[in-house]
1. Looking at (1) closer than 21 Å to residue 45 by Cα; (2) modelled with pLDDT under 95, can you tell me which one residue 182 breaks?
2. (1) in contact with a strand residue (DSSP E or B) (Cβ under 7 Å, 6 or more places away or on another chain); (2) outside any strand (DSSP E or B); (3) buried (at least 20 other Cβ atoms within 10 Å of the Cβ): which one isn't true of residue 444, the others all being true?
3. Any residue that is at pLDDT 55 or above, surrounded by 17 or more Cβ atoms within 10 Å (Cβ to Cβ), touching a helix residue (DSSP H, G or I) at 6+ places or on another chain (Cβ under 8 Å) and closer than 16 Å to residue 588 by Cβ - is there at least one of those in segment 619-633?
4. Of the residues that make up segment 546-553, is at least one buried (at least 19 other Cβ atoms within 10 Å of the Cβ) and either touching a residue at least 60 places away in the same chain (Cβ under 8 Å) or within 26 Å of residue 482 (Cβ to Cβ) (or both)?
5. Given the options 473, 425, 497, 485, name the one that is farther than 21 Å from residue 398 by Cα, surrounded by 21 or more Cβ atoms within 10 Å (Cβ to Cβ), under 33 Å from the mean Cα position of the chain (by Cα) and free of Cβ contacts under 8 Å to residues at least 40 places away in the same chain.
6. Determine which single condition residue 190 fails, assuming it passes every other condition in (1) in contact with a helix residue (DSSP H, G or I) (Cβ under 6 Å, 6 or more places away or on another chain); (2) in a loop (DSSP other than H, G, I, E, B).
7. Just give me the residues in segment 73-118 being over 37 Å from the mean Cα position of the chain (by Cα) and in a loop (DSSP other than H, G, I, E, B), in sequence order.
8. For segment 348-362, how many residues are out of contact with any helix residue (DSSP H, G or I) (no Cβ under 9 Å at 6 or more places or on another chain) and either part of a loop (DSSP other than H, G, I, E, B) or modelled with pLDDT under 95 (or both)?
């Protein structure tokens with residue numbers, strides 16, 4: 001009875017779809033047969049003319065399919081309908097970047113060589129719709145393409161839905177759904193995909209823990225990428241678990257039984273089992289001898305790295321950053337295993353933010369193909385082994401945020417090195433003159449150490465440098481003239497050293513320099529006029545440098561400046577009137593604790609963007625605050641205490657700053673000038689005016 005009802009519905013449906021403007025038009029038997037054939041695979045409402053299935057049905061009964069009939073073209077009809085539903089479900093004409101000849105009268109195998117591939121029996125075996133702006137939900141009808149071997153829908157972020165039907169495509173060999181918005185769990189029928197060699201579900205919204213019991217059954221996998229999903233930890237409570245009896249834990253370990261794997265990405269997949277237990281890498285990882293890429297960054301693994309990693313002699317990338325590797329366990333070495341020195345094919349290794357501890361093993365010097373080594377924030381101690389100087393192919397070396405001591409090995413500097421990051425360690429000694437050999441060096445970041453001596457003149461040979469950071473060291477002597485050879489520099493940080501002498505005039509060559517910070521040094525000279533040639537400069541910080549004299553007019557060329565700090569020096573003379581008109585982008589201007597004299601320039605009312613202006617402790621300043629300064633509508637901080645200025649400041653009040661009383665705030669001033677809107681120094685969003693009362 002139920003079968004008869006289904007048949008009746010199947011026959012009735014096309015009657016509605018076949019109706020034309022002439023209600024008495026006789027039905028076409030061929031179209032009825034086609035419609036009946038389609039209803040055997042349709043998963044949606046074909047009676048709804050606006051649904052993907054209804055639109056596909058209407059197209060199938062249109063002029064592009066007049067040469068087909070049942071049973072002769074039964075399989076082709078189903079294929080065309082399935083692809084039509086896919087087209088309409090995912091945006092089709094209104095969304096796809098490239099539609100090819102989709103929904104044309106041509107055979108499906110001729111719709112697009114790049115998008116549709118067929119075998120010699122004209123069965124669709126390949127669909128490649130990557131990077132094509134597909135949206136909507138993947139239709140269930142797709143499971144009908146039973147001969148499909150290759151399915152690539154990667155990088156269509158508007159594409160979503162569940163993956164429950166994909167397990168029906170048992171012929172699949174490669175499946176790439178990376179960078180989409182699929183959700184839900186990996187269903188049990190995924191285990192049917194026994195022919196899969198390539199599986200990428202990277203960067204979706206998949207959840208659950210089922211993957212850890214299903215994926216290990218796909219024994220032919222060579223490429224597995226489940227990274228950046230929302231898979232949940234396999235625990236229901238916050239109580240410690242007994243790993244000896246936890247089947248989920250063992251399932252996770254079974255991933256390392258896929259011995260054909262060449263690529264494994266489980267980055268940001270939470271492998272933990274409770275807040276008390278990370279997932280320790282098992283010793284069986286050493287069985288993945290074909291592995292070339294291992295990415296388990298931020299995946300909740302813990303403990304020490306197993307020495308068996310040294311058996312992965314084909315490995316080219318090992319990315320384990322963002323894990324807690326500072327806890328010893330059974331069969332695990334302390335710190336970085338020396339056995340990693342056997343990975344002779346390794347090109348990239350990251351243990352950043354792992355707290356792995358210990359010293360850098362000298363055996364890493366055997367990794368002569370290494371191009372990128374990132375050991376930032378790894379809890380490392382000891383010295384940088386000179387053996388790392390043998391890494392002639394190294395391009396990026398990051399050792400920042402550790403407790404490394406001793407000298408910088410001179411051998412690190414060679415022509416292929418582009419980035420050397422040594423920030424915030426305890427390194428000592430001098431900067432090697434061999435830095436001049438690093439002609440490709442773009443970033444030399446060694447601030448926050450104990451480096452001594454002078455900056456070697458050979459640095460002028462490192463002409464590719466774009467960023468030089470040497471803040472908070474114990475460097476002395478003057479800047480070398482050769483720094484003017486570094487024409488690509490956009491950032492210099494020299495704060496907190498003992499540098500002396502004049503800033504070299506050759507710095508005027510640095511036309512790309514945007515940030516120059518050298519506070520807390522002992523230059524003890526005047527501001528060089530060459531600074532005015534740095535027209536790209538956005539930030540200039542020379543606080544506490546013993547600078548003398550006035551502000552040269554050439555600095556009026558620094559029209560891109562937004563930050564200018566010259567406070568706590570010995571600068572003198574009147575404030576330059578031209579600054580307000582020329583430094584139109586200035587937001588933060590610090591001239592406090594100097595010896596400026598005279599009055600406040602009326603012309604500074606022309607600063608259109610000034611936010612914070614600090615002129616305090618210039619005790620030779622006299623006069624009043626110019627009333628024209630009321631035009632500076634961006635000002636929220638004005639510091640004038642420790643001067644001989646007189647008068648009030650109420651005219652600076654604005655409605656948008658509220659109505660606040662000026663308070664002392666504990667500063668060493670006699671009292672603050674009373675006004676209608678002033679507030680404590682440091683309050684955000686309120687105007688702060690502090691002066692000595694008269």
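1. Tallying (1) closer than 21 Å to residue 45 by Cα; (2) modelled with pLDDT under 95, residue 182 fails exactly one: (1).
2. Only one criterion is unmet by residue 444, namely (2).
3. Yes.
4. Taking every residue of segment 546-553 in turn, at least one turns out to be buried (at least 19 other Cβ atoms within 10 Å of the Cβ) and either touching a residue at least 60 places away in the same chain (Cβ under 8 Å) or within 26 Å of residue 482 (Cβ to Cβ) (or both).
5. From the options 473, 425, 497, 485, the qualifying one is 497.
6. Every listed condition holds for residue 190 apart from (2).
7. Those that are over 37 Å from the mean Cα position of the chain (by Cα) and in a loop (DSSP other than H, G, I, E, B): 73, 101, 103, 104, 105, 106, 107, 111.
8. Qualifying residue count for the region: 8.
The values are calculated or read from the model by the stated rules, or taken from the named source; none is laboratory data. All values reported here derive from a predicted model rather than from experimental measurement. Cβ atoms come from the backbone with ideal geometry, glycine included; neighbour counts cover every protein chain shown.
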